[in-house]
There are 2 protein chains.
Amino acid sequence: MRRSIATVSLSGSLAEKLTAIGGAGFDGVEIFENDLVSSAMSPEEVRSRAADLGLGIDLFQPFRDFEAVPPALLARNLRRAEHKFAVMERLGATRLLVCSTVSPESVDDDALAAEQLRLLAERAAAHGVRIAYEALAWGRHVNDYLHAWRIVRMADHPDLGVCLDSFHILSRDVDPYAIETIPAEKIFFLQLADAPALPMDVLYWSRHYRCFPGQGDFDVAGLVAHVLRTGYRGPLSLEVFNDIFRQAASTRTALDAMRSLISLEEAAAGRLGETAAPVRTGLSVPPPPVVPTGFAFAELAAPATGPLGELLTALGFVRTGVHSGKPVELWEQGSARVLLNTGSAESEDGPVLGAIGLESPDPAASVKRAEALLSPVLPRLRGPRDAPLDAVAAPDGTELFFCRTAQPDHPSWTDDFTGSRRDPGEAAGEITHIDHVALTQPWHHFDEASLFYRSVLGLRPHDSLELPDPYGLLRSRAVSTEDGRVRVALNVAYVGAHDGAPDMAWQHVALASEDIVATARRLRAAGTARLAIPANYYDDLEARYDLGEERHRLLRELGLLYDRDEHGEFLHFYTVTSGRVFFEVVQRLGGYRGYGAVNAPIRLAAQHVPPAPRSAGRPERPRPA
Amino acid sequence: MRRSIATVSLSGSLAEKLTAIGGAGFDGVEIFENDLVSSAMSPEEVRSRAADLGLGIDLFQPFRDFEAVPPALLARNLRRAEHKFAVMERLGATRLLVCSTVSPESVDDDALAAEQLRLLAERAAAHGVRIAYEALAWGRHVNDYLHAWRIVRMADHPDLGVCLDSFHILSRDVDPYAIETIPAEKIFFLQLADAPALPMDVLYWSRHYRCFPGQGDFDVAGLVAHVLRTGYRGPLSLEVFNDIFRQAASTRTALDAMRSLISLEEAAAGRLGETAAPVRTGLSVPPPPVVPTGFAFAELAAPATGPLGELLTALGFVRTGVHSGKPVELWEQGSARVLLNTGSAESEDGPVLGAIGLESPDPAASVKRAEALLSPVLPRLRGPRDAPLDAVAAPDGTELFFCRTAQPDHPSWTDDFTGSRRDPGEAAGEITHIDHVALTQPWHHFDEASLFYRSVLGLRPHDSLELPDPYGLLRSRAVSTEDGRVRVALNVAYVGAHDGAPDMAWQHVALASEDIVATARRLRAAGTARLAIPANYYDDLEARYDLGEERHRLLRELGLLYDRDEHGEFLHFYTVTSGRVFFEVVQRLGGYRGYGAVNAPIRLAAQHVPPAPRSAGRPERPRPA
């Protein structure tokens, strides 16, 4: 189907917006009037620039506060419209969006509205323009698409139809099913936006918090399916007002937008039962997602392996191999694998979580999926004897490798690690696997990140949380496979606006232990520093839960944090941060599904406390158990 | 009266918060429980640190979801309370805030709530603790202070009273008048917060957008007056949840908070008719504001006077003096005065608006007022023969000088400018005075700035506007004297989050012309570049207004922007930006009260266009008139 986007969705000058939109492969563009009015480009120049970029001008918008007014005002409004028709002719635009009026001078009279819109359509037709009438969610008299459609039907003019907008329909919880009662030829345009469920006035919500489909909480695909069932085959056009997109780089936002539309078409095809060959609708469907089945490894880039090696040893890991051609060590315990890379560009900045290996049933298909969803595929820099590694870049720059570890049907990346000193079976600890990884996103790419993991990897986004940090707020959203074998926590820090405020781009690897008490004792015995949890936390925990004296004493003694949900319990602790990275050790008891978010503020406060200098620090003494 | 603040209002660790609160001169503090739980300081250490800082612990808060529950849950809740009473004894806190329940396990039964709160108060009394029961605006059964008071009255226990919170009352538009029906001894605590009028769910609004009294739209002073009329003489305590304060430097926020309380006490005293000697209430009242009567000057720091001098000359200004001891030139036209300073620390960065002179009926009293409201008074670096200049620093660092220009009762700063070459009367242009100045604020000090201008100078804040910029949003709020002789536009730019995004800390000086057409022609004749306004703007203006062919042609020819309100019309244009500064020339026709905000997006888009190199640029040709 034809893909379009409104210029208001992107940042920059009109020229920059058009370039970004063309570059992302869109077919058309909605010219948002304010973007044109403030542009030094003439309408003719816009038309020709768009044409050069392969973009049609699918809509000119918005024309406001036209209908259901007294005669004197109608004359003024028609005069205004004639000026806009003239601009549209110069632009080469043939569709004008007319929003339902919000004017206090308008009256609640459908017949009058219909009569005046019919008059507008007649005038428009003389300029080759058609009118798409849209019910704004906050329209004064008309705020429901079926009401707009009744007026259009009453007006009965071939150049007057409706414009449907997913935000205006879904934000008011209007049932989109009745869209199917509108004849396709009277649906002149379809605008698409998603939004997170936020408890606020619909106008304020619309102006600041819209996002691309797949990034919010609306069922946009369901709405598109209703529209397509009418036979509508016009553009699918994104129209997003978002405070963050206004500030982000337009080329990147345009790609994010296109990824959203590709994913949306796939989801709509699914609703229509057309996943295999969507010939009837013309929806295009990318190769299906290949859902990862686990973590193959986490790779830390560091200037030296020493301190991290000590920490991994204390956790019970053993070094099982060294890469045959690069300065990379492989450490293993259970199916948890950590790579220490001292040769990457990021290594010098201290430990950084630079790459994640994901177990894929079909690595090549994983990459094909990622490519179809516009993810940058990374160049494969490998030696002649190295196993193939398929990798793409996540929005925050983390490299994602698709692996089949030690499977007979595929070369294993572990084969490149020779010089093994120890066998994985020698690992002494309780760690079984990587439970999750947590990545801090640039704040203007948070929605992009959740859409990336959802669409490219088929992960399911969980609720977005806000967590207090001593210097701001942390927004956190987990994405995971249904079975929980791959979990990624995406964080964005709105922290520390003032000079000297703490830097916060922390990342972490959470390791699952089958006996966290033993793991904590193991670290204590090795003298390994863990993040100090305040005694006040345990006083509060005892107030909140009655876990029995013995268990409370053990949690306090070992510095373990505790949470529970309706499925089970969660125990966890953290190592101290080195560079940007720390480890978490977790144990899920029963079917606990969360990530201990309730304890994140405790962690954040403790992490902001500057660690006592090592020389002056007291070694942690084991207390009598 | 006793002044207090909740730790949640500030950023940082609990230790940092206490230091900032003590440093700002507060008498007491509310310990927000989460701040204690995440702190490494024990309750005893907190108590002693607070005491060292001269702070009493006025409240421990919040205790949630206690009342109106089934017996088994009551037992758990009482167990939880006992733990908290123990913490409070260690803290030395004797008041506990209990919020009305939001628990789905609670029932709508006032008698049961009263019975259980009475039981809680009995338990509390054994620990020397009193219970302050507060109606949350989003309480499940109790969301109105009078309802909370009915339950407290029903419970009838000496250690149970109400806590009043201005946000919970004013956000729901509950009439605060009935506060006067509550006996003072049953008002255990008073929490104060303001908020901007925002159309959203009250909980979301409360969690993110509270601000200090005087920064929002609530009549907090009126509420305080009602409370004081009961005879309440307990603490006035600020409790603000604000996403920006969470990120800003705590020492600065604490001063902002104290300025708010000082100003609030003054306003409350005014409501009580106690402005002169508020002995009855114990409110303290600072010296009254001295409202400025006009602009004395705007001072630009620049590396050289050449280009600015050319521009001022083109505008019709004449250089009337040079400072006797510093490299500062005085340029005049009408009562508009501009200083060009090539000797300040900021001069090297290119033109910067570093200082503003304000005409004051009593400069010494202006400074006393500013000092009483915690504004930094600037050191007076002046030569032995210089006139005294009283100055304070505004929140963004702009220096504000209080002047009496050429008045017989006071030395005039203009006397320091000797070496005059020209007489002000020689100025040839149409500029009469400075209409307004516009200052860009650091984004985490915007609310502080509006409170500063309101409280220190007695200016009136106007509505807060959001204006689209090609790379983000601009928030803008004007403050002015009632007569409009002093107007300041405060802007904050949420712009350009991505690498390479434009820097935006623009400032400008708007000069009033009595014939803007003549001024525009004067600049054109001098070959002075003005900001180019797109032809599309004029096409749109013609669509929006029918001003007559001749007038439209003139606006377009001269690049003038146009606006109107119900009082009159506004014509304006801009010079190109140099350094951080540009000039605007404005003409108000009739009683137009605004600032042409509708045209700001046009300006912003034009300002982001890189200027054509001067050599390659075409000189502006006068078109045939």
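The values are calculated or read from the model by the stated rules, or taken from the named source; none is laboratory data. Treat the numbers as computed from the prediction; the structure is a model and nothing was measured. Cβ coordinates were reconstructed from backbone atoms using ideal geometry, including for glycine residues, and neighbour counts include every protein chain displayed. We work out accessible area using only protein heavy atoms, side chains counted, and drop any ligands, DNA or RNA first. Shrake-Rupley method; radii C 1.70, N 1.55, O 1.52, S 1.80 Å.
Tabulated values for the structure
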item: Separation of alpha-carbon centers, the range A:423-443 and the range A:251-330, rounded to whole Å; result: 16
item: Local electrostatic count at A:ARG229 - Lys and Arg +1, Asp and Glu -1, tallied over other residues with Cβ under 12 Å; result: +1
item: Local net charge near B:LEU18, Cβ-Cβ under 12 Å (Lys/Arg +1, Asp/Glu -1); result: -2
item: Among B:VAL495, B:GLY350, A:ALA184 the positive-end extreme of the charge dipole of the protein assembly as shown (Cβ point charges); result: B:GLY350
item: Acute angle (nearest 10 degrees) that the helix A:516-525 long axis makes with the longest principal axis of chain A, alpha-carbon atoms; result: 50
item: Separation between Cα centres of the range B:130-161 and the range B:29-94, rounded to whole Å; result: 19
item: Chain A, rotation onto B, residue closest to that axis via Cβ, with its distance in Å; result: A:MET200, 2
item: Per-residue mean of C-beta atoms belonging to partner chains within 10 Å, peptide B:11-20; result: 3
item: Net dipole in debye of the range A:3-271 [+1 Lys, Arg Cβ; -1 Asp, Glu Cβ; about Cα centre; nearest 20]; result: 420
item: Other-copy label distances relative to A:ARG280, 7 angstrom Cα-Cβ extension, nm; result: 8.1
item: Average Cα contact separation per residue, the range A:3-271, under 8 Å, 6 or more apart, as relative contact order %; result: 20
item: Label 7 Å beyond Cα on the Cβ vector: B:PRO411 copy-to-copy distances, nm; result: 8.6
item: Portion, in percent, of the accessible area of the range B:3-271 that falls on carbon or sulfur, probe 1.4 Å; result: 50
item: Inter-centroid distance (Cα atoms) of the range B:461-484 relative to the range B:563-610, Å; result: 12
item: Chain-alone versus full-assembly comparison, the range B:43-90, residues with accessible loss of at least 30 Å² (1.4 Å probe); result: B:ARG79, B:ARG80, B:HIS83, B:LYS84
item: Neighbouring partner chain Cβ atoms per residue of A:464-473, average, 10 Å criterion; result: 5
item: 222 nm mean residue ellipticity, helices alone, for chain B (DSSP H n ≥ 4; -39,500 (n - 2.57); rounded to 500); result: -9000 deg cm²/dmol
item: Chain B - charge dipole about Cα centre, Lys and Arg +1 at Cβ, Asp and Glu -1, debye rounded to 20; result: 760
item: Number of partner chain Cβ atoms within 10 Å, mean per residue of A:235-248; result: 3
item: Residue-normalised accessible area of chain B, given per residue in Å² at a 1.4 Å probe; result: 38
item: Amide H partners (placed H, <5 Å) of A:PHE218, local residues excluded; result: A:ALA195
item: In the A-B interface, the accessible area buried, summed over both sides, Å² (probe 1.4 Å); result: 4300
item: Alpha carbon convex hull of the range A:85-190, projected area averaged over orientations, nm²; result: 6.6
item: Selection of trypsin sites (Lys or Arg not before Pro), the range B:310-409, meeting DSSP coil and at most 13 other Cβ within 10 Å; result: B:ARG380, B:ARG385
item: Two-decimal Rg to Rh for chain B - Kirkwood Rh, Cα set; result: 1.05
item: Nearest-ten-degree value, helix A:71-91 long axis tilted from longest Cα axis of chain A; result: 70
item: For chain A, with +1 on Lys and Arg beta carbons and -1 on Asp and Glu, the positive-most of A:PHE401, A:PRO71, A:SER42 along the dipole; result: A:PHE401
item: Other copies of A:ARG229: label-to-label distances in nm, shortest first, labels 7 Å along the beta-carbon direction; result: 6.1
item: Two-site label geometry, A:GLU122 and A:ALA526: point separation in nm, points 7 Å out along Cα→Cβ; result: 8.5
item: Charge dipole of the protein assembly as shown about the Cα centre (unit charges at C-beta), most positive-ward option of A:SER106, A:GLY579, B:ALA296; result: A:GLY579
item: Folded to 0 to 90 degrees: helix A:306-315 orientation relative to chain A principal axis, Cα; result: 80
item: Nearest-20 debye value, the range A:294-608 charge dipole, Cβ charges on Lys, Arg, Asp, Glu; result: 420
